[in-house]
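Remarks on the structure that follows.
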């Protein structure tokens, strides 16, 4: 995975700033833009790890006849080097060429992603010699945030966390890592593979986040939606600019709906550029008093109760992705799921076609050793108004700090 460094983009922006003068735009930008069949200005509304950028078009400086002001277009920037990819909410001018299936791509690896400032827009418009079509104001708002435009996430990005979360105590989150740990229910390191503006009020964006390492908490699938809250309306500072890449995120459950929330729109978000930076961040997190106390005093029984609770909610909610997160990778259920194809389809069909609800009550837990547990449970099935009770022994194993199901026992 390539890393998009902010410094690289800054270098491109600074280079272009120096290249704009009274006579126009200096090389190499003039050649790149003159040779571009399409030159547009707009706001970046979404980014995928594959290099697809969704741009909301606010100005067409040079077009191919297909572009409409106010439309969203998909642009492939995957060939651009580190630092050239734009960030979410950034207002840019892009020199493009037509791609496949009504998409576009950069016309040049360098010199075709420029800041949409008024002086730059004028210089580029003079350069390409086309009348400007505009819609609305393209001046950035305080903090670099752009005017929100509702662009729903694709349907395949709705992997959910626990259905009915237990909220952590309200904590004033500051730049102190201790306060971030206090507010978090889950601290995880992984990859943001897509960034998009949220279509819900009170939010900035939604991230598609693949969890690779859990430092605290569990009970959620490897792929989750992370909702970024909106800042206080009086806030005028600079907000984190999300882009695809590796992050450590401090998260908490949502009051309603799926996914998770960032603990704060300002803090608890760390972009990781290398292994050294990751190691230093982990050291700071585990050195906090709250983290030490949580690790030392985390009751095993509560963790198993949480796992069975998430399993119960996932089964009754017909959510196979959330259900599979409760199982050990060595379990038969997980291996069938990972095999994919007809095996995964059979599991999904079994789950969706079950006509009733399930309740699990733990009556006793035994620990043969520090890595295994056996829970005596009562299983209550409600099917078409009839109640059936069964007893079983669920077997758990401890993996990566979590108690996961090895065998259901029923």
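Quick note: the coordinates plus some simple rules give every number you see, no bench work behind them. On a predicted model such as this, the values are computed, not experimentally measured, just so you know. Cβ: placed from backbone, ideal geometry, glycine included. Neighbour counts: every protein chain shown.
Given a Förster radius of 60 Å and the C-beta distance between residue 72 and residue 362 as r, what FRET efficiency does 1/(1 + (r/R0)^6) yield to the nearest 0.05? The formula returns an efficiency of 0.75 here. Please list, in order, the residues from the stretch 314-331 whose amide nitrogen is less than 17 Å from a point placed 7 Å along the Cα→Cβ vector of residue 354. Inside the label zone: 314-328. In terms of surrounding Cβ atoms within a 10 Å radius of their Cβ, 242, 271 rank from fewest to most as 271, 242.
Between residue 338 and residue 102, residue separation times 0.36 nm minus the direct Cα-Cα distance comes to 81.5 nm. The slack between residue 34 and residue 238, meaning 0.36 nm per residue of separation minus the straight C-alpha distance, is 70.0 nm. Listed from fewest to most Cβ neighbours within 10 Å, the set 248, 326 follows the order 248, 326.
With neighbour counts taken as other beta-carbon atoms within 10 Å, the residues 253, 71 rank, fewest first, as 71, 253. Per-residue extension of 0.36 nm, minus the Cα-Cα distance of residue 378 and residue 277, leaves a gain of 31.7 nm for this segment.
Label-to-label distance for residue 370 and residue 213 is 2.1 nm, based on points extended 7 Å past Cα in the beta-carbon direction.
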